[in-house]
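This report concerns only the one structure given below.
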Amino acid sequence: MSAQEHIHQTVTNHKVVLYMKGTPTFPQCGFSSNAVQILKACGVADFKAVNVLEDPEIRQGIKDYANWPTIPQLYVGGEFVGGSDIMRELYESGELQKMLSA
Ligand SMILES: N[C@@H](CCC(=O)N[C@@H](CS)C(=O)NCC(=O)O)C(=O)O
Ligand code: FES
């Protein structure tokens, strides 16, 4: 399976997927840590987390997948939502909570 196929399967098979550096318990970057904290603040406990530091092909592949150059990246219902800045904006406006509870 190509990296693009693999990513497509992951984001369509799990409602909420966070591509991040490190793990939710041990994030390896402040941006990824922020993304985890925002999901937790939305009451999302069991999301699918993918640690891009474990797989260089996924680390590059996820940038190509939604044409977004950085990590973290949040996907909900198979759709790209954004990175940590966008997550924070959507959280502060209440939009993210709506997307996650839909
Ligand atoms: N402003 C970005 C911050 C994320 C960011 O700048 N990520 C960088 C540093 S962790 C990145 O992914 N660089 C490419 C790489 O490390 O592969 C956001 O909103 O998510
Ligand atoms: S790993 Fe350095 S800013 Fe994310």
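Only the coordinates and a few stated rules stand behind these numbers; no lab work does. Here the structure is a predicted model, which is why all the values come from computation and not from measurement. When we count neighbours, we look across all protein chains shown, and the Cβ atoms used for this are built from the backbone with ideal geometry, even at glycine.
Some notes on this structure:
- Here the label points at Glu92 and Gln60, each 7 Å from Cα along the C-beta direction, are separated by 3.6 nm in the simple model.
- Secondary-structure-derived ellipticity at 222 nm for the chain, considering helices only, amounts to -14000 deg cm²/dmol, per-run term -39500 (n - 2.57) for DSSP H runs with n ≥ 4.
- Dipole of the chain [Lys/Arg +1, Asp/Glu -1 at C-beta], most positive-end residue of Gln28, Pro56, Ser2: Gln28
- Measuring nothing but how far apart in sequence close Cα pairs (under 8 Å, 6+ apart) lie, relative to its length, the chain scores a relative contact order of 35 percent.
- Calculated over the chain, the projected area of the Cα convex hull averaged across directions stands at 5.7 nm².
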